[in-house]
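Everything on this sheet refers to the single structure shown next.
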Amino acid sequence: MICTFIPPLLQHSNMSICAWSCVSKYYNIGMAQDDHSQVKPEPSPQPMEPQISSMIPTSSWFTPKRLLAIFCVINLLNYVDRGAIASNGVNGSRGTCTEGGTCSSGSGIQGDFNLNNFEDGVLSSAFMVGLLVASPIFASLAKSVNPFRLIGIGLSVWTLATLCCGFSFNFWSISVCRMLVGVGEASFISLAAPFIDDNAPVTQKTAWLGIFYMCIPSGYALGYVYGGLVGSHLGWRYAFWVESLLMLPFAISGFFMKPLQLRGFVPADSEKEPTPEAVVSVVQVMEASDGKDEPLSLKAELRDKSSDHNSNSKSATQINEKFSRFLKDMKALLLDKVYVVNVTGYIAYNFVIGAYSYWGPKAGYNIYHMADADLIFGGITIVCGIVGTLAGGFILDYMNNTLSNAFKLLSTTTFIGAAFCFGAFLFRSMYGFLALFSIGELLVFATQGPVNYVCLRCVKPSLRPLSMAMSTVAIHIFGDVPSSPLVGVLQDSINNWRTTALILTSILFPAAGIWFIGIFLHSVDKFDEDSGNQVSNVERSTTMPLLQEKTGATSASPLSQEH
């Protein structure tokens, strides 16, 4: 950055080449000269290949596909944990006593701690408290701490929290541990999707996001099976201990591997470099001097500036500045019409999906008298969730992954899927219901890739972690968290599961309508938008796409070409 700033300045000043040499030597900045009299202009940065978008340096062990695979495994483990604690083998049941006085001991967490249904329900959603509180915090910290390191910190908290779940001794101890699980997950949820978006091939970005979010339904399903097997054979505590052991290598890698950099954030090393303003000050001092004491005065001034900077970084003023910056970023999100419309539709969508996951089996049992309602609804959700999520990502990439096309896909699939689900609950036959409901869920789940793609691309790069964090907070606070109790109140009032299910399903139509509005908004993909915190063109040119390793092509940086 300094190299591109100083030479033009020198060409319009009377400073000698000797003075510039002093500055360049002090900053370790190379300078190309022609016969020691003229400074060569900086060559323009080599353009990056248009079909590759990677922020991974070639010296990193990671490749984009390895990064995607690792993040998918971590996401899978997160949702395996959620499925495991809800499984019969881990969650268990309370002890029961017959009228004759014969009592049977309980099983799992509920049996060991003698939890009532309310306490058991609190336990299953306690992680949400930590997730909602910590997500905005981690997103804000990404501007001052390397995001890859933040993921390592979060995964370490997650690993320790799940380990402690296995050692918990009562309701309150395991509740606190579950909250910490949410804190650990918050960093990953906020930052993983931006990393994937940075490094996915341009023509497959939504497909890669679809693969990542496919781990949600598949993780839940695997968690049910895992919790049932481990809990039944070894005990519920071992389920948490094994989870902690599986996550440990990923937590360690966040600290010991070379950290990756997100687009839109200045690398930590670059903060140590002098700013253009500081260099201008140095130039002015050297011009005003008589040429005798330049090195001493230069070093003294820079030492004073460095000391002032370090002291200010530790003061309360800087904390206030960070808080002000957070409020400014929040204002930018709330004033972004595309973002607000996208998240509002996502809230309505998640309201229905959350209630489906909780009340669906009970509604199916009461309406159609399904003997294995849990198994049937679970199987439909798993298959449709995996296929639908993948299909949505690949279809948007095939359509050309623009924000307008994303809204078209969101509104169309949600509307048609809502129509199939609504028609399914009108059927009197169970087989007709299962056929239509399966098609409806397949279409509805196709939204996962596109809706998160819009969250990432409608804001400038430096706002993406906060965008994902606030989207997660909003869809839970206003979506699936209140939907289950509200549907329960509705059912208690009308006492008709078919009518309740139809009213719930009809909320998908407003969700489709909200996303339909997004088609007509002025939407701009801000993935390459420059901002104050974004990496400069010179810095970006030195970050070579790692996918080039397959072809052997490399692009040298401008600085390396000079020497």
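Here are a few things to note about the model shown:
- Unmet criterion (only one of (1) at pLDDT 85 or above; (2) over 13 Å from the mean Cα position of the chain (by Cα); (3) more than 21 Å from residue 256 (Cα to Cα)) for residue 152: (3)
- Taking the listed residues 155, 160, the one that is among the aliphatic types (A, V, I, L, M), touching a Ser or Thr at 6+ places or on another chain (Cβ under 9 Å) and open to solvent by 20 Å² or more (accessible area, probe 1.4 Å) is 160, with no other qualifying.
- Residue selection: residue 228 fails the criterion of being buried (at least 24 other Cβ atoms within 10 Å of the Cβ) and assigned to a helix (DSSP H, G or I).
One line per residue, one yes/no per condition, for (1) among the basic types (Lys, Arg); (2) under 30 Å from residue 393 (Cβ atoms):
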{"site": "170", "(1), (2)": "no, no"}
{"site": "183", "(1), (2)": "no, yes"}
{"site": "195", "(1), (2)": "no, yes"}
{"site": "205", "(1), (2)": "yes, yes"}
{"site": "213", "(1), (2)": "no, yes"}
{"site": "224", "(1), (2)": "no, yes"}
{"site": "233", "(1), (2)": "no, no"}
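- Taken as a whole, the condition of being surrounded by 24 or more Cβ atoms within 10 Å (Cβ to Cβ), at pLDDT 90 or above, aliphatic (A, V, I, L, M) and in contact with a helix residue (DSSP H, G or I) (Cβ under 6 Å, 6 or more places away or on another chain) does not apply to residue 186.
- Close contacts from segment 240-259, counting a first residue that is over 18 Å from residue 225 (Cβ atoms) and small (Gly, Ala, Ser) and a second that is open to solvent by less than 50 Å² (accessible area, probe 1.4 Å) and assigned to a helix (DSSP H, G or I), with Cβ to Cβ under 6 Å and a gap of 6+ residues or different chains, come to 244/159; 244/162; 251/155; 251/156; 251/159; 254/151; 254/152; 254/155.
- First in segment 419-445 and over 17 Å from residue 372 (Cβ atoms) and open to solvent by 50 Å² or more (accessible area, probe 1.4 Å), second anywhere and of a type in the set (Ser, Thr, Tyr) and in a helix (DSSP H, G or I), Cβ under 8 Å, 6 or more apart: 422/505; 422/506
- Some residue of segment 114-131 being touching a Phe, Trp or Tyr at 6+ places or on another chain (Cβ under 8 Å) and surrounded by fewer than 20 Cβ atoms within 10 Å (Cβ to Cβ): yes
- Breaking point among (1) surrounded by fewer than 15 Cβ atoms within 10 Å (Cβ to Cβ); (2) modelled with pLDDT of 95 or more, for residue 532: (2)
- The one condition in (1) part of a helix (DSSP H, G or I); (2) in contact with a helix residue (DSSP H, G or I) (Cβ under 6 Å, 6 or more places away or on another chain) that residue 259 fails to fulfil: (1)
- Complete set of residues in segment 481-508 that are β-branched (Val, Ile, Thr) and either more than 17 Å from residue 421 (Cβ to Cβ) or open to solvent by 40 Å² or more (accessible area, probe 1.4 Å) (or both): 481, 489, 494, 499, 503, 507
Let's see how each residue does on (1) closer than 27 Å to residue 381 by Cα; (2) open to solvent by 10 Å² or more (accessible area, probe 1.4 Å); (3) within 13 Å of the chain's Cα centre (by Cα); (4) in contact (Cβ under 8 Å) with a residue 12 or more places away in the chain:
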{"site": "170", "(1), (2), (3), (4)": "no, yes, no, yes"}
{"site": "179", "(1), (2), (3), (4)": "yes, yes, no, yes"}
{"site": "193", "(1), (2), (3), (4)": "yes, no, yes, yes"}
{"site": "203", "(1), (2), (3), (4)": "no, yes, no, yes"}
{"site": "207", "(1), (2), (3), (4)": "yes, no, no, yes"}
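- Among residues of segment 71-87, those that are in a helix (DSSP H, G or I) and more than 11 Å from residue 192 (Cβ to Cβ), counted: 11
- Single unsatisfied condition, residue 478 versus (1) touching a helix residue (DSSP H, G or I) at 6+ places or on another chain (Cβ under 7 Å); (2) within 25 Å of residue 376 (Cα to Cα); (3) of a type in the set (Phe, Trp, Tyr); (4) open to solvent by 50 Å² or more (accessible area, probe 1.4 Å): (2)
- Exactly one residue out of 414, 381 is open to solvent by 30 Å² or more (accessible area, probe 1.4 Å), touching a Ser or Thr at 6+ places or on another chain (Cβ under 9 Å) and among the polar types (S, T, N, Q): that is 381.
The values are calculated or read from the model by the stated rules, or taken from the named source; none is laboratory data. Because the structure is predicted, anything quoted here is derived from the model rather than measured. Positions of Cβ are generated from backbone atoms using ideal geometry, with glycine treated the same way; all protein chains shown enter the neighbour counts. Note: accessible area is taken over every heavy atom of the protein model, side chains too, but ligands, DNA and RNA are not part of it. Shrake-Rupley method; radii C 1.70, N 1.55, O 1.52, S 1.80 Å.
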